[in-house]
1. Of the peptides A:471-482, B:376-387, how do they stack up when ordered by the mean number of other Cβ atoms within 10 Å, highest first?
2. What Rg and what Dmax come out for the protein assembly as shown when only alpha-carbon atoms are used, in angstroms?
3. Using Cα atoms only, what is the angle between the long axis of helix A:70-83 and the major principal axis of chain A, expressed in degrees (0 to 90) to the nearest 10?
4. When only alpha-carbon atoms count, how far does the range B:67-200 stretch along each of its three principal axes, as whole angstroms with the largest first?
5. Mind checking B:382-389 for the average number of partner chain beta-carbons within 10 Å of each residue's beta-carbon?
6. List B:Asp259, A:Asp466 from most exposed to least, where exposure is judged by having the fewest other Cβ atoms within 10 Å.
7. Within 10 Å, Cβ to Cβ, of A:Thr444, how many net charges do the neighbouring residues add up to if Lys/Arg are +1 and Asp/Glu are -1?
8. I need the phi-derived Karplus couplings for the range A:214-229: 6.51 cos²θ - 1.76 cosθ + 1.60, θ = phi - 60°, integer Hz, Gly and Pro marked x.
Amino acid sequence: KDSKSGLALTSLVPYRQDSCIALASQPMHQRSFTQKLHSFMNGCEYRDRVLTMDTMNPNVKRVEYAVRGPIVQRAVQIERELKMGIKKPFTEVIKANIGDCHAMGQKPITFFRQVLALCSYPDLLEDSKFPEDAKSRARRILQACGGGSLGAYSTSQGIEMIRQDIARYIEQRDGGITCDPDNIYLSTGASDAIVTMLKLLVSGEGMSRTGVMISIPQYPLYSAALADLGAVQISYYLDEDNCWSLDISELRHALQEAKKHCSPRALCIINPGNPTGQVQSRQCIEDVIRFAAAEKLFLMADEVYQDNVYADGCKFHSFKKVLFEMGLEYSEKVELASFHSTSKCYMGECGFRGGYMEVVNLDPEVKVQLTKLVSVRLCPPVPGQALLDVVVNPPQPDEPSYDTFIKERTDTLATLAEKASMTQEILNQVPGIKCNPVQGAMYTFPRIHLPPKAILEAKEKGQVPDMFYCMKLLEETGICLVPGSGFGQRDGTYHFRMTILPPKEKLKIVLAKIKEFHQHFMEQYS
Amino acid sequence: MYRLQSLAARSLIAGALDLCTPLTLTSLTGVRHKSQGPSVEKCGQMRFITAEAKASAGRLDGKMREKTLTMDTLNPQVKAVEYAVRGPIVLKAGEIERYLEEGGTKPFSEVIKANIGDAHAMGQQPITFLRQVVALCTFPELMDSPSFPEDAKWRARRILQGCGGHSLGSYSASPGVECIRKDIAAYIEQRDEGVPSDWENIYLTTGASDGIMTILRLLVSGKDSSRTGVMIPIPQYPLYSAAISEMDAVQVNYYLDEDNCWALDINELHRAYQAAKQHCQPRVICIINPGNPTGQVQSKKCIEEVLHFAYEENLFVMSDEVYQDNVYAPDCQFHSFKKVLYEMGPEYFSSVELVSFHSTSKGYTGECGFRGGYMEVINMDPEVKAQLVKLLSVRLCPPLAGQAAMDVIVNPPQPEEHTFKQFHQEKSSVLGALAEKAKLTEQILNSVPGIKCNPVQGSMYAFPRIFIPPKAVEEAKALGMQPDMLYCLRLLEETGICVVPGSGFGQKDRTYHFRMTILPSIEKLNVLLGKVRDFHISFLKEYSGLEWDEI
């Protein structure tokens, strides 16, 4: 049908004949074709679009990012419908799809915002309402900025003084293991740095194309970046029955399989886990490092949740510290990049897009290339850099803002811990939902049992079963979660990711609604 | 003495390019001050030995673990990327700065960075109103402070209402905060005298660079002769060539006409297009107006010709309009591509795919550090648009502080508002000073024998052509570097002035240029231009063996 009307078009419009003939011989998407026909009927000369689904970068097509995927778009639509007065079985949409603390009502740390306000508008340095420790930090940051302004570009690697502060912070965190400020690169959120490192690592064609090992379930930034870069994704499965822990034999197995069709060169670890909330043991990290050393893998440690550890008996161990404690044999050779961000932990300052990475044992020539690559984007946002500086250089016991700061930080983390255990408890009460302890990070990733009838109906609709489940949940309760399929999961298992971020009272309601929905869903489909 | 000096210069300059070797800083005069470091010859030798040792260690020493990520295994497209604005010369300038800070001596007391359009770093003051709004958004307790004007508070409240949890610390939607997108659309409609702008076509970005990279990424596809070709002006802003290398697209050069004030010549576009069609598929044309690094402002007629060309040849148009407020020449005016497209009639306006870019970094605000920017996307296939949104969502959102700054730029104080007078005065004083500096730069440079500078009609740069004597060209070639790189490195070493060689932007063969910003304060700019003049004259003297009055 398409080709027929395409030919008709050719005879009507001699102009741009080549492309019309090409059009006729090519399968075209129905909708865009009708659109073109429509614009032709309106008297406009027909002109091919340059950029269509057929001509677009094919890697872009393969990119998927569920955290802001179709379900979130539908949630935004529903919000608009509510605003327009359309009746729903609920009055508001609760977005538990993304780790966005402030949007869920968490208050910013006062001291951080004071320093940022002072940096943004230095006239406030004369204002007696601002504490001296905030002023001294703001002055110090501004002195390190070109022209004493947040509005100047910084060096592409980030402001030197801030890199020094970060290095000191890391040294302190890691019990004195040295950190070179020259190994620190500030970034536009951690995502930016992760994508940049992956970009360096991707090369080769066919069998020698770079393979990157990522956990399943994973944070979909990784799969999206790999698709975009045309790298090979190597999935290793976390052990759900064992609190989502990482199993070395699974790593080995995944690597051996992958070696048959690509060249595995990097291993990504998310600790504490996203979406799975596990905190890795020291032993496990040592095993991973040994594995990476033996297999010559570049290690990428995503440690943005390093302050978000809630479970008794769990502790955050940085890959860098463990690496250096394993002795020269490892600490001098294993290449490691670790990532941090202002968006998580107790700060939750996502909007500032602050972040950094530390690179260890990076080849000096490659480092020059890295610096060159980041220079094309000029610099990370300077307010985000300033924020990061205060995060790594917070009020000290002898300073006026210390007490308030500690109180705010402790409250935030304590509330998160409480919500983590509450979420796990309530979800585990629901028949057909099984939830591992939320040891850290900001998410729960419970397994949900879906009856065969529901799976069948989902398939008929062309939906992944957990997407079907989450859509239904959204439509009926206004709760927005992300289906497990967006993160990856073992075949035949279904999950969703929800954040533990809503305020306690709201979280209770959310959990109760999920419970009710799930029970109803089970009744309906069994 | 001359031979020694020139030897010193050679070694130094070679050092500047040899990035991976830690440099010992010796100045041109270093030979005279022995205490400053190892002798120049020795330094050169050491460098050679280090490189050799490194190579052999990699090859022979089996005990050393080969790294996973090396120059051999690095993404080859990353290797191909070049970005001169922050290239070797700027790294060298940074080293000299540190050397001076540590008490080292040079024939100058400070490095003047005229390499990058960084207005605040050059002393330009931020617009008070913009910073007030950003401070209010950052620390909303200030809403109670009587020292902030009501119109600033009103805007801050409105922005915060558009933010999740009323905080700049929440993520925004990936295309940006909705009310800011609406403000931008309203601003564009006003700028373009009523040409409609749909807020859903507006996407906030992390500086304009981010938007440009994202759109290019969508456009690159195909293999070999069907690989996407991207037409860019030469000289160009090297973000374009860098992005094209990184994405492995084909760069299609069209040369601007230096003899005609760097105007875009439509015949040259046809030539470049036809030539490129032999080996790739040209699908995009990039225009920078006002020009960077060339400072020209396109006439309306020229824009019409470009759009007609794009229409005829089925090209996607990317118009980089970040300098839209920076027009200084009295006979020039900024015309947006969108407005011109609209005025060309529906057959153009409903079909030509156009993306235009803007930023908080330039104009009269110069807020580079906030990384604010937006793009307006016109006639994009709806399905591709969905793909664009998806792509943007992976990076979550542009920085909120930058979005807030952008909002103030598109929604500045109005005549009836309290802060209008101050705002207007600050804005005109920045733009007035820039216009003055544009003129001053052109005038002084044109008074130097061997330098020829087109009028700086707009943007923030002069891109003068410099005569480099054949002997200097030979010397540069012997050192394996571009002649204008040699020139700029010498200028940096002798005067502390950091400018970017024309070769970093592209130029016609055997012509040489440099790009300098017009941003230093008037006094400093005067000094700077005087130094450039003196340097140029002595450079000519040195390499042509002529006496002063012969030049």
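Every read-out reported here was derived from the displayed coordinates using simple, explicitly stated rules and does not represent laboratory data. Note that the structure is a prediction, hence the values are computed from the model and not measured. As a convention, Cβ positions derive from the backbone with ideal geometry for all residues, glycine included, and neighbour counts pool all protein chains shown.
1. On the way: A:471-482: 21.3, B:376-387: 19.1.
Packing proxy ranking, top to bottom: A:471-482, B:376-387.
2. Expressed in Å, the Cα Rg and Dmax of the protein assembly as shown come to 29.5, 100.
3. Taking the Cα atoms of chain A, the angle to A:70-83 is about 90 degrees.
4. 51, 41, 38
5. Details: counts 3, 8, 10, 1, 3, 7, 3, 2.
Shielding by partners across B:382-389 averages 5.
6. B:Asp259, A:Asp466
7. Working: positive: A:Lys419, A:Arg497; negative: none.
Its environment carries a net charge of +2.
8. In residue order, the calculated couplings are 10, 6, 10, x, 9, 7, x, 3, 5, 5, 5, 5, 5, 5, 4, 8 Hz.
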